[in-house]
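The values are calculated or read from the model by the stated rules, or taken from the named source; none is laboratory data. The structure presented is a predicted model; accordingly, all values stated were derived computationally and were not measured. Cβ sites come from the backbone with ideal geometry, for glycine too, and all protein chains shown count toward neighbours. All accessible areas refer to the heavy atoms of the entire protein, side chains included, with ligands and DNA or RNA removed. Shrake-Rupley method; radii C 1.70, N 1.55, O 1.52, S 1.80 Å.
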Amino acid sequence: APTPARTLTRTLTLALTLTLALILALALALSLALTHTLETMADVIADMLSDVPPEMGTIFLGMLAGLAAAAQLLTRRKDAAASTWLAGADQPGKQAYEHFAAWYSVVWMGAFGVIIAAQLYEQFTEVEYLGVLGGLALPLFLQPVLAPAQAERSLPFWKRYGFKANAWIWIYSFIGNYWYTHYFFSVLKANYTFPSWRLNYVPFCLYLATHFYFSSYHVLSNALLRKVATTYAAGPARWVFSALMVLCLSYATAFMETFTIAGFPYYTFENRSMAYTVGSAFYGIYFIYSFPMFFLLDERSYGPARTLYETVVDACGCGMLILTTLDLVRLALSIPLTIPGSLWELVH
């Protein structure tokens, strides 16, 4: 039978492959956005990589070493043959949503690649930004209504898993944009300079963009957490390994997004090296809470299905945990929080 270390290796390999595929696809598209010739593409990629501090390699090697060490304490379940990544047939609603979100990730990434490779964003006004990003978010909102699991078709749409998952992600994304973005402005000196309608000074189109970004991130985290839960016996060792995995995945996800957006000229940081190292840890606070909390939503082995009201309360609670932690970090660094702008405004 496969050893825990071998199973871990396969798990990490798949997760790393998916993450690297996303990084490379977006990095390539972002590189092409800055040049129209393949001859100079390597130089653009080199410029992006040159901003990545060398200590990032040490950080990631340290995370992998910690996971490998923790894996040695794991014990396989007797029914480990039932080990799975995505939700099974006993959770049809969740299965349908996760399959849809996983495949749709390829669609929106491909759309981003075309837009950026062709530098279409250079022609965008606030109307195009809102229309394109809203259009890319729309299929996820429509999935529970137009393409639910067969077993859920008789349910009112608000009782379907896909609707609850979208509600959870939307609330989480909304709170993140409305509040957390200002911590990036204050702590990391981030700034958006493209034309947009802004809600609380944050481009409203990004409220929509983060919906499909976060949907993809959380389907990946669901898969990893479920693989561990269905492969290894419950106990302190699995708890420690799962917690460590969430910490590592949170940091890696935050870094991945920061790196892949590096070629977009209208989102800047005062110190990009700091954004990669410290900023990834700061951004990763989002996912430390949200990955395990979203995974528990209607996960059969952890309790009964949640109502829509309970789902909303859970998402709001997660949002408050993140906000409090971000503010504690800001206070520890003695950095004032400044929130500019108006409730709703157009910024060119």
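The criterion of at least 1 residues that are touching a strand residue (DSSP E or B) at 6+ places or on another chain (Cβ under 6 Å) is met, among helices (runs of 4 or more DSSP H) falling completely within the range 184-300, by 204-231, 236-260.
Matching residues to (1) hydroxyl-bearing (S, T, Y); (2) in contact with a helix residue (DSSP H, G or I) (Cβ under 7 Å, 6 or more places away or on another chain):
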| site | (1), (2) |
| --- | --- |
| I261 | no, no |
| F269 | no, yes |
| S273 | yes, no |
| Y276 | yes, yes |
| F295 | no, yes |
| R300 | no, no |
| A315 | no, yes |
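Within the range 77-95, being open to solvent by 20 Å² or more (accessible area, probe 1.4 Å) and charged (D, E, K, R) holds for R77, K78, D79, D90.
Residues that are over 24 Å from R272 (Cα atoms), out of contact with any Gly (no Cβ under 8 Å at 6 or more places or on another chain) and surrounded by fewer than 18 Cβ atoms within 10 Å (Cβ to Cβ): does the range 176-196 have at least one? No: the range 176-196 contains no residue that is over 24 Å from R272 (Cα atoms), out of contact with any Gly (no Cβ under 8 Å at 6 or more places or on another chain) and surrounded by fewer than 18 Cβ atoms within 10 Å (Cβ to Cβ).
Residues in the range 287-321 that are open to solvent by less than 40 Å² (accessible area, probe 1.4 Å) and either without any contact (Cβ under 8 Å) to a residue 24 or more places away in the chain or farther than 20 Å from L224 by Cβ (or both): G303, T311, A315, G317, G319.
Taking the residues in the range 42-57 that are under 14 Å from A252 (Cβ atoms) and at pLDDT 90 or above as candidates, determine which candidate is least open to solvent (accessible area, probe 1.4 Å). Among those that are under 14 Å from A252 (Cβ atoms) and at pLDDT 90 or above, it is M56. Contact annotation: residue pairs with Cβ atoms under 9 Å, 6 or more positions apart or on different chains, pairing a residue in the range 67-87 that is small (G, A, S) with a partner that is open to solvent by 30 Å² or more (accessible area, probe 1.4 Å) and in a strand (DSSP E or B), are S83/R76.
Among residues of the range 242-260 that are under 12 Å from G66 (Cβ atoms) and without any contact (Cβ under 8 Å) to a residue 40 or more places away in the chain, none has a Cβ under 8 angstrom from a residue that is charged (D, E, K, R) and open to solvent by 30 Å² or more (accessible area, probe 1.4 Å) at a sequence gap of 6+ or on a separate chain. Residues that are over 21 Å from G284 (Cα atoms) and surrounded by fewer than 21 Cβ atoms within 10 Å (Cβ to Cβ) do occur in the range 202-219.
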